[in-house]
Amino acid sequence: MSIHMHMRAVAESEIRDDHTWLAAFMSEAWDNHPDEYAAGIAASIDKVWGAVNDLYAAAEVLDADVAKPWQLPIYGGRPVAHSADADPSNPPLGILEPSEVSQAAGFLARVSFDELWNVAGAKLVWPGSDEAQVRQEFLDHHQHLQAFYGQAATAGHAVVRVVWA
């Protein structure tokens, strides 16, 4: 089974704060994901987004005074509530406001991947896996998230997030 966290940058004025509408919007975005990914307005992480969040949590070890912007790229923002009559199988959705997108972009631009990996990397390498390969996978996610959030912040966009199973 495949499970993804899918993120899509969008002008805040185009977002309806309605779970059903957002689920349909994100479903269409998922259908167009390769083109949107190439355009820098979409990002996705297959299965390991919690571990990417764990990597970013290492920022607290590096700087105890950090105001937790490390939480924004993966789990930040606010959840979008289901309506009372919504299908309970609808995917979980969240929205990061443009100010949070800017904070996430700033964190990702400032943080050193190598320093994060030095703190958290040993916990992220699964038994029997190649450490260099796992490190590269996390570096690829990090670099893509840097570019994605940086572009979204520059455009003043919000980010809508959904988990597809």
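Annotations
- A23 out of contact with any Pro (no Cβ under 9 Å at 6 or more places or on another chain), surrounded by 14 or more Cβ atoms within 10 Å (Cβ to Cβ) and either under 16 Å from Q151 (Cα atoms) or among the hydrophobic types (A, V, I, L, M, F, W, C) (or both): no
- Flag if A165 is exposed (fewer than 13 other Cβ atoms within 10 Å of the Cβ), modelled with pLDDT under 95 and over 14 Å from the mean Cα position of the chain (by Cα): yes
- You will find that of L93, L124, L116, the residue that is crowded, with 17+ Cβ neighbours inside 10 Å and either closer than 16 Å to M5 by Cα or not hydrophobic (A, V, I, L, M, F, W, C) (or both) is L93 and no other.
- Being hydrophobic (A, V, I, L, M, F, W, C) and out of contact with any Pro (no Cβ under 7 Å at 6 or more places or on another chain) is not true of V163.
Conditions (1) in contact with a Cys (Cβ under 8 Å, 6 or more places away or on another chain); (2) outside any helix (DSSP H, G or I); (3) closer than 22 Å to G156 by Cβ; (4) at pLDDT below 95, marked per residue:
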| position | (1), (2), (3), (4) |
| --- | --- |
| N53 | no, no, no, no |
| I95 | no, yes, yes, no |
| A104 | no, no, yes, no |
| F138 | no, no, no, no |
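The values are calculated or read from the model by the stated rules, or taken from the named source; none is laboratory data. Since this is a predicted model, take the numbers as computed values, not measurements. In this analysis, Cβ positions are derived from the backbone assuming ideal geometry, glycine residues included, and neighbour counts consider all displayed protein chains.
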